[in-house]
Amino acid sequence: MRSADATTGRVLILGAGGHGRVVLDILLSGGTATVVGFLDNNPSIQNRRVDGLPVLGTIADLPAVVAEHEVTGVVIAIGDNGTRRGLSRQIQQAGIPLVNAIHPSASLAFNASLGRGVVVAAGVVVCANCQIGDAVILNTGCIVDHQTMIGEGSHICPGVRVAGRVKVESGVFVGIGATIVPHVTLGCESIVGAGSVVLEDVPELATVVGVPAKSVRLCNASEDDAAMLV
Ligand SMILES: CC(C)(COP(=O)(O)OP(=O)(O)OC[C@H]1O[C@@H](n2cnc3c(N)ncnc32)[C@H](O)[C@@H]1OP(=O)(O)O)[C@@H](O)C(=O)NCCC(=O)NCCS
């Protein structure tokens, strides 16, 4: 890991679900950050502990909790792409520092660029000249090959292989274990089904599945369903 990417200071995690637990593990594995706790809108976990850390309030409590707990950085751990991207913009506009969570086992090329609020899970490989946008999730063990761009708020699920010179536009969900061949463009808010092999461009808002991947619908109604599985 490049030392400049180490997250330090007092960090707050937004979202205490499955992805929140993964982000906590990433931060603790790095060993350089103090995690103060979580915020989550689920009423049933308020004032309780998740993996030993307290749930300190809901997302609406963010400014107060940042001040009270002297938080120096926030990581968004929410699977839904639209929610995560919206929060990322709001938090940055409010001047609250959004930080990246990068697992120490991840391998990032020296000239890969990362935006803010990016989560890079265990075993991820990001190759030369890649550009990773704000609020992107690169989930466990995915590979992003050279000169590929991953747009703001996209989620590349565990075990996905994205070849070189691919363009993933904003808000894209690439399901677990999918493969994207070189030079393909995945349009805004498109969805690639688990295990699919994408050989050609995917239009914005389309859902494609299978080997080779074919379109099953041209709307985005299922993104919430996909994110529920996170
Ligand atoms: C692509 C996906 C989002 C579609 O979900 P959905 O909108 O509920 O779609 P449906 O289950 O109604 O499936 C529609 C059709 O596509 C097929 N299909 C769905 N996902 C498929 C996949 N991954 N590969 C091949 N075919 C698939 C279904 O069998 C169905 O075919 P049919 O119409 O012939 O019966 C979902 O199946 C998927 O792959 N999600 C990935 C979840 C994931 O990776 N989570 C990891 C989180 S870290």
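Dividing the helix sum by the residues of the chain, where each DSSP H run of 4 or more adds -39500 (n - 2.57), gives a mean residue ellipticity at 222 nm of -5000 deg cm²/dmol. DSSP beta bridges fully contained in segment 105-228 are about 10 percent antiparallel.
If you wrap the Cα atoms of segment 3-101 in a convex hull and average its projected area over all directions, you get 5.9 nm².
Using the 2.2 N^0.38 Å rule of thumb for compact globular proteins, work out how segment 105-228 stacks up: its C-alpha Rg over that value, please.
0.93
Using a cutoff of 8 angstrom between alpha carbon atoms and counting only pairs six or more residues apart, the relative contact order for the chain works out to 12 percent.
Helix 81-93 and the long axis of the chain differ in direction by around 50°, with both axes built from C-alpha atoms. Count Lys and Arg as plus one, Asp and Glu as minus one, and take only other residues whose Cβ is under 14 Å from that of Leu53; the net charge is then +1.
Taking the Cα centre of the chain as reference, the dipole from Cβ charges on Lys and Arg (+1) and Asp and Glu (-1) amounts to some 300 debye. With kT/(6 pi eta Rh) evaluated at 37 °C and eta = 0.692 mPa s, and Rh the Kirkwood radius from Cα pairs, the chain diffuses with a coefficient of 188 µm²/s according to Stokes-Einstein.
Using C-alpha pairs below 8 Å separated by at least 6 residues, the relative contact order for segment 105-228 is 14 percent. Among beta bridges identified by DSSP and lying wholly in the chain, the antiparallel ones come to about 10 percent.
For segment 9-85, the antiparallel share of DSSP beta bridges with both residues in that region comes to about 15%.
No lab work stands behind these numbers, since they all come straight from the coordinates. Remember, it's a predicted structure, so these values are computed and weren't measured experimentally. A quick note on method: Cβ atoms are made from the backbone with ideal geometry, for glycine too, and the neighbour counts reach across all protein chains shown.
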